[in-house]
Amino acid sequence: MNNGENRRLNGEADEEDDDDDANGLAAWERTYADDRSWEALQEDESGLLRPIDNKAIYHAQYRRRLRTLSSLATTARIQKGLIRYLYIVIDFSKAATEMDFRPSRMAVVAKHVDAFVREFFDQNPLSQIGLVTIKDGFANCLTDLGGSPESHVKALMGKLECSGDASLQNGLELVHSYLNQIPSYGHREVLVLYSALNSCDPGDIMETVQKCKTSKIRCSVIGLTAEIFICRHLCQETGGSYSVALDESHFKELLLEHAPPPPAIADSAMPNLIKMGFPQRAAESSIAICSCHKEAKVGGGYTCPRCKARVCELPTECRICGLTLISSPHLARSYHHLFPIIPFDEVSDKVFHDPRHQLPKVCFGCQESLMNPSTGNSPSIRVSCPKCKQHFCLDCDIYIHESLHNCPGCESFRRPKLATSDE
C-alpha cells in the first residue's frame, strides 16, 4: 500500500518536473508569458496601472507618419513611380520558427504579408508583385510577377515550411535576374522580410549589392531580430529603408509603410509614354481560350483590343502581344498619389476653452458625437481640415487619408459652385 502511494507520488513529481523544464519556464510562468498581459498596461499620472488606449496610440503613430510624408512632399517636388514591380523576399529558414512572435515568426509574417499584398494592390492597381522564399541556403521563386492578390496569397499559404539557413545573396541574385528585364518605366523594388542573424552565401555579397545598385533596384529590409550590418549596407547603397520590428503591431506598421509608392530614383525619373489598352468585358455566353490558363472558359474575361486574346482579370499584360491591359478605375485610383490630401490639424485645448468658438458637436463625416462619452459635456479629441474648417473624428481622419482621398467638407463646398456655374 505504501509502496503504491510512493510510486504514485513519485510519478506526479516527475510530471511536474517535466512541466517546469519545458521551455525553461514553470507552468504558471508560461501562462503569463503567452498572454503578455503586462504589455497592455501603462502607468498614469497618479501611479496607477491603466489599460493602454490602443486606438489613441495607433492614431498618434498614424498622424506622425502622415506629417513626415507631408513634410517630405512639401520640401521638394517628388516624383513617384506608379508602375511598380516589387518582389517580396521572405526568410523561411529555421530562424523563422522562433516563438518570440506568437505563435511563430513564420506565422506572423505570413499573416501580415497576406494583408500587405491586398493593401498594395488597392493602392497600386497598376503594379505587380512576386514572392521569393529563402531557406536551406537556396532561393525559390514562389510566384512570378503578377497583379492577382489571390494567387500570391494561395501560393504563400501552401508553402509555410521552415528549414536550414538563409542566403541573402541567393535571394538578391534571383530577384536581380527577374527585375533586370523590367522596362525602364517600371520601378524595381525588393522588400526583404528577414528573420535570421546571419547569411550563408556562396560568394561575395558586396558584388551583388553593387549589381542591384547599378540596375537601380531599391532594396528595403524589415528585420525580426537585431540589426545586421549587411542589411543596413544594402539599404543605404540602393536607396531603400531598413527597420527592425519590436513586436507584431510594429511589424505590421513597418510593412504597410511600403504600400504607398516611394519617391522615384533620380536617375530613373525620366517621363515616358506607355502604351496601354482598355479591353472590353466579354459577353457572358461567349466561349474562348484564356491566354492566362491555356484553357477554354465560358463567359467573363476581357478581350485585348490589339490581338483579341482573352484574359481573365485586370490589370495584366497580354501574353500574346505584350500590351499592358488596365481599366479606367485602375488609372483613377493611382491619381491620388500624385496629389495627396493634406494632413488635418488637431484642434488644440485652447480652442476648447475659448467661449468665442462654437465647436460642432458631431463629426462632419460620420455624424457621430464629438463629445467625450465619459463626461458628456467636454469635447473629445478631434481634427479639422485647414481648408474648409470642418471637424472630423479620429476614425474619419484615417478613413479620409487612407481610403477616400477626398475631404467631404471641401467637396460639399465645391458642388454648389459647380451647380451655379452650370446654370
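The values are calculated or read from the model by the stated rules, or taken from the named source; none is laboratory data. Remember, predicted model here, so these are calculated numbers, not experimental data. We place every Cβ from the backbone using ideal geometry, glycine too, and count neighbours over all the protein chains shown. Heads up: the accessible areas ignore ligands, DNA and RNA and are worked out on the full protein's heavy atoms, side chains in. Shrake-Rupley method; radii C 1.70, N 1.55, O 1.52, S 1.80 Å.
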Scan the stretch 223-240 for residues that are among the small types (Gly, Ala, Ser) and open to solvent by 50 Å² or more (accessible area, probe 1.4 Å) and jot them down. Ala226
List the number of the failed condition for Glu295; all other conditions in (1) open to solvent by 60 Å² or more (accessible area, probe 1.4 Å); (2) assigned by the TED database to the domain that holds Leu191 hold. (2)
How many residues does the stretch 165-175 contain that are under 12 Å from Asn140 (Cβ atoms) and either outside the structural domain of Val221 (by the TED database) or open to solvent by 10 Å² or more (accessible area, probe 1.4 Å) (or both)? 2
Yes or no: Glu150 among the acidic types (Asp, Glu), in contact (Cβ under 8 Å) with a residue 60 or more places away in the chain and within 18 Å of Val113 (Cα to Cα)? no
Determine whether Ser220 is surrounded by fewer than 17 Cβ atoms within 10 Å (Cβ to Cβ), of a type in the set (Gly, Ala, Ser) and within 16 Å of Tyr87 (Cβ to Cβ). no
When residues of the stretch 176-200 are limited to those that are in contact with a strand residue (DSSP E or B) (Cβ under 7 Å, 6 or more places away or on another chain) and small (Gly, Ala, Ser), the one surrounded by the most Cβ atoms within 10 Å (Cβ to Cβ): Ser195
Return yes or no: is Ala166 modelled with pLDDT under 95 and of a type in the set (A, V, I, L, M)? no
Check off (1) part of a helix (DSSP H, G or I); (2) under 14 Å from the mean Cα position of the chain (by Cα); (3) touching a residue at least 60 places away in the same chain (Cβ under 8 Å) for Ala96 and give me the number that stays unchecked. (2)
Would you say Leu273 is without any contact (Cβ under 8 Å) to a residue 12 or more places away in the chain and either of a type outside the set (S, T, N, Q) or under 30 Å from Gly223 (Cα atoms) (or both)? yes
Residue list for the stretch 298-342, restricted to those being open to solvent by less than 80 Å² (accessible area, probe 1.4 Å) and part of a strand (DSSP E or B): Tyr302, Thr303, Arg310, Val311, Thr316, Thr324, Leu325
